[in-house]
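The values are calculated or read from the model by the stated rules, or taken from the named source; none is laboratory data. Note that the structure is predicted; figures quoted are calculated from it, not measured. FYI the Cβ positions are ideal-geometry reconstructions off the backbone, even for glycines, and counts take in every protein chain you see. Note: areas computed on protein heavy atoms with side chains; ligands, DNA, RNA excluded. Shrake-Rupley method; radii C 1.70, N 1.55, O 1.52, S 1.80 Å.
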There are 2 protein chains.
Amino acid sequence: MAREIERKFLVANLDWKQLAKKKTHMAQGYLNDIQQPGSKSSIRIRLEGDEATINIKSLEIGLSRDEYEYPVDVSDAEKMLKTLAVGPVIEKVRYLVDIEEHTWEIDEFLGDNDGLIVAEVELDSEDEALELPEWIGREVTNIVRYYNISLTQKPYTTWSEDEKNSFE
Amino acid sequence: MAREIERKFLVANLDWKQLAKKKTHMAQGYLNDIQQPGSKSSIRIRLEGDEATINIKSLEIGLSRDEYEYPVDVSDAEKMLKTLAVGPVIEKVRYLVDIEEHTWEIDEFLGDNDGLIVAEVELDSEDEALELPEWIGREVTNIVRYYNISLTQKPYTTWSEDEKNSFE
């Protein structure tokens with residue numbers, strides 16, 4: 001069984017930016033409200049670098065769901081996310097930074113999560129030693145409100161000062 | 001200014017079918033409920049013969065609306081209309097029948113309008129003489145519930161016997 005082991009941190013400053021080897025603009029949002037009674041599908045626009053898609057998934061309960069995905073123009077995807085998205089848009093710039101044998105993924109959120117920067121690194125085992133770069137801040141690996149699914153439901157710009165400054 | 005002059009009839013029998021020079025399967029339906037508060041777009045799947053599209057239109061009030069349209073696979077469109085459409089699906093087979101200088105469009109509805117067959121002919125002027133083929137039935141040109149927009153809101157299978165049999 002494959003198992004992903006990741007640690008997640010805030011950043012202490014922006015020194016990592018000059019080290020980035022790659023920068024990708026990513027955004028996704030929904031065109032319909034899947035919470036509405038009678039909704040039969042989710043309709044998602046996703047933008048990743050110079051590619052964009054529209055994805056339609058059936059909302060059936062059960063093991064399998066139908067899924068349809070088609071490419072759309074990046075400029076169309078940007079405009080749809082800006083003007084037609086229902087609910088929060090997850091929008092971020094992902095930077096890749098190599099530090100020794102690890103590649104850090106640093107997500108600088110925009111839109112409804114503006115102000116949040118999270119650095120993630122994948123490890124081979126849970127007890128693998130990891131030297132933290134000096135621009136790494138507090139660890140948030142186990143704080144649920146930083147999970148991607150949480151940020152969709154309760155985006156960072158709606159957090160209280162307490163939620164932003166507490167690490168329990 | 002262009003102005004379309006059309007007369008619309010029911011059919012008295014199915015004799016027109018053997019005269020058809022072309023037959024096209026057409027269907028359209030919406031993936032979201034545009035009546036829901038908070039809806040920002042309409043998301044329509046349309047199937048016409050061997051082509052299908054997904055169309056997204058902004059629901060702004062005003063002169064102009066943004067519109068996005070992409071091709072989708074016909075088999076995907078058929079399955080989406082069958083399983084994911086919200087509200088009535090307009091589905092029909094359109095037959096073209098040439099009678100002297102006129103081409104009749106005969107729509108045999110399926111799905112939510114099953115049982116309805118309507119024959120339309122375009123004329124050059126309102127008082128143009130028109131010889132009616134023997135398979136033509138009652139004229140319904142001026143009956144609002146036969147308009148396409150009406151059939152979307154109140155499909156034929158929901159009509160009372162009175163509504164089906166009255167021609168006023």
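Structure notes:
- Buried accessible area, chains A and B (both chains, 1.4 Å probe, Å² to nearest 100): 2000 Å²
- Shielding score for B:47-57, defined as the mean number of other chain Cβ atoms within 10 Å: 1
- Expressed in units of 2.2 N^0.38 Å, where N is the residue count, the Cα radius of gyration of the protein assembly as shown is 1.39.
- Other residues lying with their Cβ under 14 Å from the Cβ of A:Asn165 contribute a combined charge of -1, Lys and Arg counting +1, Asp and Glu -1.
- Dipole-positive endmost among B:Ile106, B:Asn55, B:Leu84 within chain B (Cβ charges, Cα centre): B:Leu84
- Chain B residue nearest the axis that carries B onto A, by Cβ, with distance in whole Å, is B:Asn32, 2.
- Centre separation in Å (Cα based) which lies between region B:70-87 and region A:141-168: 37 Å
- Dipole orientation for the protein assembly as shown: of the candidates B:Tyr70, A:Leu123, B:Leu151, B:Leu151 has the Cα lying most toward the positive pole (charges on Cβ; Lys, Arg +1; Asp, Glu -1).
- Contact order, relative form, for chain A: 28 percent (alpha carbon pairs under 8 Å, 6 or more residues apart, mean separation divided by residue count).
- Of the GluC sites (Glu not before Pro) in region B:59-153, the ones in a loop by DSSP (not H, G, I, E or B) with at most 13 other beta carbons within 10 Å are B:Glu60, B:Glu100, B:Glu101, B:Glu126, B:Glu128, B:Glu131, B:Glu134.
- Summed over all non-identical Cα pairs, the Kirkwood treatment of region A:108-168 gives a radius of 13.1 Å.
- Dimensionless Rg ratio for region A:3-165, taking C-alpha atoms and the 2.2 N^0.38 Å reference: 1.14
- The 3J(HN,Hα) values that the Karplus relation (6.51, -1.76, 1.60; θ = phi - 60°) gives for region B:147-155 are, in residue order, 4, 4, 5, 5, 5, 5, 7, 9, x Hz. Gly and Pro appear as x.
- Structural descriptor for region B:91-168: relative contact order 23 percent, calculated from alpha carbon pairs under 8 angstrom and at least 6 residues apart.
- Backbone phi angles across region A:40-55, fed through the Karplus curve with coefficients 6.51, -1.76 and 1.60 (θ = phi - 60°), yield HN-Hα couplings of 10, 8, 9, 10, 10, 9, 10, 10, 9, x, 9, 10, 9, 9, 10, 10 Hz in residue order; Gly and Pro are listed as x.
- Peptide A:16-28 - average C-beta neighbours from other chains (10 Å radius): 0
- Segment B:Val93-B:Glu69, extension gain: residue separation times 0.36 nm, minus the distance between their alpha carbons: 6.4 nm
- Taking Cβ atoms as reference points and 12 Å as the exclusive limit, the residues near A:Gly87 contribute a net charge of +1, counting Lys and Arg as +1 and Asp and Glu as -1.
- Within chain A, the longest run free of exposed loop sites, counting trypsin sites (Lys or Arg not before Pro) that sit outside DSSP helix and strand states (H, G, I, E, B) and have at most 14 other Cβ atoms within 10 Å, spans A:66-168.
- Label points for A:Asn13 are taken 7 Å from Cα along Cα→Cβ. From this copy to the others they lie 9.2 nm apart, shortest first.
- Note on A:Glu139 and A:Glu6: the extension gain reaches 46.8 nm, defined as 0.36 nm multiplied by sequence separation minus the Cα-Cα distance.
- Computed [θ] at 222 nm, deg cm²/dmol, chain A (DSSP H ≥ 4; -39,500 (n - 2.57); rounded to nearest 500): -3000 deg cm²/dmol
- With all protein chains kept in place, the per residue accessible area of the protein assembly as shown amounts to 58 square angstrom at a probe of 1.4 angstrom.
- Solvent-accessible area of A:Asp50 with every protein chain in place, 1.4 Å probe, in Å² to the nearest 10: 130 Å²
- For region A:56-162, the fraction of 1.4 Å probe accessible surface lying on carbon and sulfur atoms is 47 percent.
- By the equivalent-ellipsoid construction on the alpha carbon gyration tensor, region B:4-73 comes out with semi-axes of 33, 17, 12 Å, ordered largest to smallest.
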